[in-house]
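Notes follow the structure.
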Amino acid sequence: MKVVETKLKGCFVIEPIVFNDDRGYFFESYNKEKFEELIGSKVNFVQDNESFSVKGVLRGLHFQKGEHAQAKLVRVTHGEILDVVVDIRPESETFLEVEIVRLSSENKKQLFVSRGFAHGFIVLSDTVVFNYKCDNFYNKASEGGIIYNDKTLNIDWQLDSEEFLVSEKDLVLPTVKELF
């Protein structure tokens, strides 16, 4: 597997080595030893999650605060998304910078998002199945978020906003200025 650190320290794009032949393909989607060696730190994933969404669904930007913060390893097993990560670590030299990566069942890329980042995605294909591993259990009292259309972040979600399907909960998330 090939791992490339993004401009956001602690956020990595992971490209598997895919073996194709006339029967189909095979690749190792996760190997704890290789993964930790390549990102340079230990991660103990404790929970796997999956969501199914239709085109235009925008989930995010979400994070867990304090002792319940989560690192995530995300990937798409069907369809395509635009995955968005925001550095929300005030002490970071890339504080409030954004990283955008296309993840799809075609490119088989994964994204590792360390603790201290807000995360979201928008579905570009007709449908998507999105899978992710977390290194900490979800805690409702510790959830936080940033509104997807925050003017400070100025994220290009690459679809017309009329196509967006956003939950009521995500529509009332605070702005960056309200949080920091």
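The values are calculated or read from the model by the stated rules, or taken from the named source; none is laboratory data. Since this is a predicted model, take the numbers as computed values, not measurements. Cβ placement follows ideal geometry from the backbone for every residue including glycine, while neighbour counts extend to all protein chains displayed.
Return yes or no: is Val54 surrounded by 13 or more Cβ atoms within 10 Å (Cβ to Cβ), modelled with pLDDT of 95 or more and either closer than 25 Å to Phe137 by Cβ or among the aliphatic types (A, V, I, L, M) (or both)?
Against the criterion (surrounded by 13 or more Cβ atoms within 10 Å (Cβ to Cβ), modelled with pLDDT of 95 or more and either closer than 25 Å to Phe137 by Cβ or among the aliphatic types (A, V, I, L, M) (or both)), Val54 does not qualify.
Any residue in region 49-64 that is without any contact (Cβ under 8 Å) to a residue 24 or more places away in the chain, of a type in the set (Gly, Ala, Ser) and over 23 Å from Phe180 (Cα atoms)?
No, that holds for no residue.
Please find, within region 81-115, the residue that is surrounded by the most Cβ atoms within 10 Å (Cβ to Cβ) out of those that are hydroxyl-bearing (Ser, Thr, Tyr) and part of a loop (DSSP other than H, G, I, E, B). If you could, list the steps in order and put the result at the bottom.
In the first step, residues of region 81-115 are kept if they are hydroxyl-bearing (Ser, Thr, Tyr); the result is 92, 94, 104-105, 114.
Keeping just the survivors that are part of a loop (DSSP other than H, G, I, E, B) gives 92, 94, 105, 114.
Numbers: Ser92: 15, Thr94: 17, Ser105: 14, Ser114: 21.
If we take residues in region 81-115 being hydroxyl-bearing (Ser, Thr, Tyr) and part of a loop (DSSP other than H, G, I, E, B), then Ser114 is surrounded by the most Cβ atoms within 10 Å (Cβ to Cβ).
State whether one or more residues within region 36-43 are buried (at least 16 other Cβ atoms within 10 Å of the Cβ) and in contact with a Gly (Cβ under 9 Å, 6 or more places away or on another chain).
Checking region 36-43: at least one residue is buried (at least 16 other Cβ atoms within 10 Å of the Cβ) and in contact with a Gly (Cβ under 9 Å, 6 or more places away or on another chain).
Yes or no: region 66-79 includes at least one residue that is in contact with a Lys or Arg (Cβ under 9 Å, 6 or more places away or on another chain) and on the phi > 0 side of the Ramachandran plot.
Yes, region 66-79 has at least one match.
Going by the conditions given, is Asp150 surrounded by 19 or more Cβ atoms within 10 Å (Cβ to Cβ) and either in a loop (DSSP other than H, G, I, E, B) or not aromatic (Phe, Trp, Tyr) (or both)?
Considered against the rule, which asks whether it is surrounded by 19 or more Cβ atoms within 10 Å (Cβ to Cβ) and either in a loop (DSSP other than H, G, I, E, B) or not aromatic (Phe, Trp, Tyr) (or both), Asp150 comes out as yes.
Restricting the search to region 116-141, which residues are surrounded by fewer than 16 Cβ atoms within 10 Å (Cβ to Cβ) and outside any strand (DSSP E or B)?
Matches in region 116-141: Asp126, Phe137, Tyr138, Asn139, Lys140, Ala141.
Does at least one position in region 156-170 carry a residue that is under 15 Å from the mean Cα position of the chain (by Cα) and touching a residue at least 60 places away in the same chain (Cβ under 8 Å)?
Yes, there is a match, as at least one residue in region 156-170 is under 15 Å from the mean Cα position of the chain (by Cα) and touching a residue at least 60 places away in the same chain (Cβ under 8 Å).
Is it true that Gln70 is touching a residue at least 60 places away in the same chain (Cβ under 8 Å), under 15 Å from Phe112 (Cα atoms) and not aliphatic (A, V, I, L, M)?
Judged against the criteria, Gln70 is a match.
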